[in-house]
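The values are calculated or read from the model by the stated rules, or taken from the named source; none is laboratory data. All values derive from a computational prediction rather than experimental measurement. Note: ideal-geometry Cβ built from the backbone for every residue, glycine included; neighbour counts use all protein chains shown. For accessibility, only protein heavy atoms count, side chains too; no ligands or nucleic acids. Shrake-Rupley method; radii C 1.70, N 1.55, O 1.52, S 1.80 Å.
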Amino acid sequence: MRNDDFIWNLMARAVYGEASASERQALQEYLAKSPDLQQQYELLYQLLKRTESSSPALQDDYTEQVQLLLTKTESPILPQAVKKVRRRLFYYGAAAAAVFAVAYWGFTQLYAPAGRLPLEGIYRLALDAPKGARKQLLLPDGSKVWLNGGSRLFYVTDFKGRSREVKLEGEAFFDVAHATAEGGGLRPFIVHAGNIDIKVLGTAFNVKAYANDPATTAVLYRGLISVTKHDGEKNFQPVLLYPNQKLVIPNILVAASSAVGGLREAIKIEAIDSTKAIAARVETAWMYNRLEFRGDDFVTLAHKMETWYNINIHFTDERVKELSFNGSFEKETLVQALEALKLANSFEYRVEHNEVLISSSR
């Protein structure tokens, strides 16, 4: 049986560098068995580093704010076991004890369901990026958004309440700022995209949710995100994503599957190359005016080119759809791009205004 008091003490000792080798080994075993504990430990570590890098005066101010938050927090958010641990760890210092408590509080806020999306037709357009264009926006809370071509972002809330919510159609990169409510506490930032909700407290991530794409993807670069479904389907448990991970959810299965466990099995979490700068990664190349593709079949690449060049691509036969491509475009025109693709795989094309017909070579 797991002793929560013992584990929280162990996590605190590890963060402060006071755990012995055997204690660190025990903690690793606990974390390996529990994704929840992994997220709690990550929050604890991040918040601690924030206070350690601040001046003593700022630490005192931070502690005072945290204590005010805790007095306003209802008891279910901070269970009795955690209160005991906070008191027991007081010798680490007031700021440290406050950070420890807020780490747990932050995790519960992140893991809580995002809630249902309001009725259609009441959203206010925040930004529209037509096909062939890419735009940027500074939200009222200081968060930054980059919108890819063929995408729209809507305000779901006015950013003045307990949560900050937006609705995304297409693809966007979010650099979310921390925001505190008037009565204390962090206000979660929620992105409704496709059939999923992404909930964060302060982080940077990319979301791709075009209506004609076979899958919805989310790539996390900093912080933590929690992914749930709009309708709160019981078979879809919240997915917590770590930095440098990519979540892939097939759109057809997310929308239609009702088999127990079917949704969970369809989800994939992939590691992305953390050695590359964000500007050099495939998932965010569009922010730097590059269209990159790695092993894409022609249908997948066609969707990207439609958004990039503001065109419509049609295939006249099934065989040509199976061709795959690797490469990137930056300043190439549409015709230059098609000619470059022909060098890799033979096919025929015809351009009529903004319509492109592609067929297999004769």
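Please go through the stretch 306-341 and pick out each residue that is in a helix (DSSP H, G or I) and open to solvent by 40 Å² or more (accessible area, probe 1.4 Å). It would help to see each step written out before you state the result.
Within the stretch 306-341, the subset in a helix (DSSP H, G or I) is 306-309, 319-322, 334-341.
TYR309, ARG319, LYS321, GLU322, VAL335, GLN336, GLU339, ALA340 - these are the residues of the stretch 306-341 that are in a helix (DSSP H, G or I) and open to solvent by 40 Å² or more (accessible area, probe 1.4 Å).
Would you confirm whether any residue within the stretch 296-305 is in a helix (DSSP H, G or I), open to solvent by less than 20 Å² (accessible area, probe 1.4 Å), of a type in the set (S, T, N, Q) and under 20 Å from VAL207 (Cβ atoms)? Taking every residue of the stretch 296-305 in turn, none turns out to be in a helix (DSSP H, G or I), open to solvent by less than 20 Å² (accessible area, probe 1.4 Å), of a type in the set (S, T, N, Q) and under 20 Å from VAL207 (Cβ atoms).
Does any residue of the stretch 189-210 turn out to be over 18 Å from VAL227 (Cβ atoms), at pLDDT below 95 and out of contact with any Phe, Trp or Tyr (no Cβ under 7 Å at 6 or more places or on another chain)? So far as the stretch 189-210 goes, no, none of its residues is over 18 Å from VAL227 (Cβ atoms), at pLDDT below 95 and out of contact with any Phe, Trp or Tyr (no Cβ under 7 Å at 6 or more places or on another chain). In the set PHE173, PHE159, only one residue is at pLDDT below 95 and either part of a loop (DSSP other than H, G, I, E, B) or within 24 Å of ILE272 (Cβ to Cβ) (or both); that residue is PHE159. Quick check on ALA193: is it surrounded by fewer than 22 Cβ atoms within 10 Å (Cβ to Cβ) and of a type outside the set (Phe, Trp, Tyr)? It is false that ALA193 is surrounded by fewer than 22 Cβ atoms within 10 Å (Cβ to Cβ) and of a type outside the set (Phe, Trp, Tyr).
So is ALA259 small (Gly, Ala, Ser) and modelled with pLDDT under 50 or not? Judged against the criteria, ALA259 is a match. Filtering the stretch 342-361 to residues that are among the charged types (D, E, K, R) and either part of a helix (DSSP H, G or I) or over 37 Å from the mean Cα position of the chain (by Cα) (or both) leaves LYS342, GLU348, ARG350, GLU352. The one condition from (1) open to solvent by 30 Å² or more (accessible area, probe 1.4 Å); (2) among the aromatic types (Phe, Trp, Tyr); (3) within 16 Å of ASN206 (Cβ to Cβ) that TRP286 does not meet is (1).
Annotation for the stretch 276-290: no member residue is assigned to a strand (DSSP E or B), without any contact (Cβ under 8 Å) to a residue 60 or more places away in the chain and out of contact with any Asp or Glu (no Cβ under 6 Å at 6 or more places or on another chain).
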